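All remarks here apply to the structure that follows.
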Amino acid sequence: MSRASTAIVAGVLLSLGACGLDIVGTRAPDEGAVPATDAGADVVDGTAPSDAAFDASLATSCADVLARDPSRLQQSGVYEIDPAGLRGRLRVYCEMSIDGGGWTLVGRSSPNAGGAPFGWSSTSGSVTDLRAPYSLGVANSGLAFSEVLLAGRGPASLDVGARAFKLAVSPTFLTAHASTVVLTGVVTSLRGDCAPSGGPTMLKYAGATSMNDAFFFRDIQDTNQHRGLQRDGWDLYYDNCPQGASLNREQGLVFVR
């Protein structure tokens with residue numbers, strides 16, 4: 001390449017940088033793979049969650065992805081699933097390591113919350129844009145589940161944080177408790193140093209699934225205060241472990257399986 005051509009190319013790259021455009025390297029995906037980033041996808045610092053995706057359009061959930069291909073264990077990332085069995089692609093983040101994997105992300109808070117709808121029945125944000133809250137709208141997705149995983153997260157990651165908890169719910173949880181709450185029973189600690197007998201009290205009640213500003217969790221049945229995972233992080237009132245799960249005011253994640 002001539003010196004003149006080199007100078008022109010350098011000038012173009014400098015112009016792109018001045019416009020704030022990230023130049024992201026690409027690699028050829030495996031046959032049938034669905035890259036975690038595609039044209040127009042939102043990214044953070046030029047990267048998205050790990051690209052473990054593949055053509056799973058017949059899988060109904062992250063758990064089903066893992067059941068069909070056990071080699072996906074430990075390969076958390078963005079996958080495409082078809083919860084309703086109608087060959088409609090739904091792009092989701094699958095947590096494939098903790099407690100055997102197969103968890104589908106349905107809610108993620110962000111410090112830059114804004115006022116977008118957020119909760120079991122709300123759809124907002126992008127699964128790969130960590131700069132804003134994300135809510136799958138699981139109540140309208142056709143995704144079936146009977147377990148919920150609650151966790152903290154780092155400010156620039158979808159990795160489950162230092163503490164994580166699991167609880168069981170009825171398969172009819174979303175529809176049966178749109179405006180009511182239910183005692184979830186024992187809350188199991190899956191990770192971290194907070195494991196009170198029976199689980200943290202602020203995670204005991206769940207429901208009010210029609211709320212559009214929180215994934216509701218609390219220690220009593222009163223829903224006037226919208227406790228739980230809000231757009232900008234966990235609001236569990238107590239900063240301790242026995243009540244607040246040592247999650248209060250942390251950024252958070254809600255998964256289902």
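Since every read-out is calculated from the coordinates, none of them should be taken as a lab result. Since this is a predicted model, take the numbers as computed values, not measurements. Positions of Cβ are backbone-derived with ideal geometry, glycine not excepted, and every protein chain shown enters the neighbour counts.
Summary table
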{"quantity": "Residues 58, 236, sorted so that the one with the fewest Cβ neighbours within 10 Å comes first", "calculated": "58, 236"}
{"quantity": "Between the stretch 72-133 and the stretch 196-257, the alpha-carbon center distance in angstrom", "calculated": "19 Å"}
{"quantity": "Residues 191, 89, 72, sorted so that the one with the fewest Cβ neighbours within 10 Å comes first", "calculated": "89, 191, 72"}
{"quantity": "Residue order, fewest to most surrounding Cβ atoms within 10 angstrom, among 226, 177", "calculated": "226, 177"}
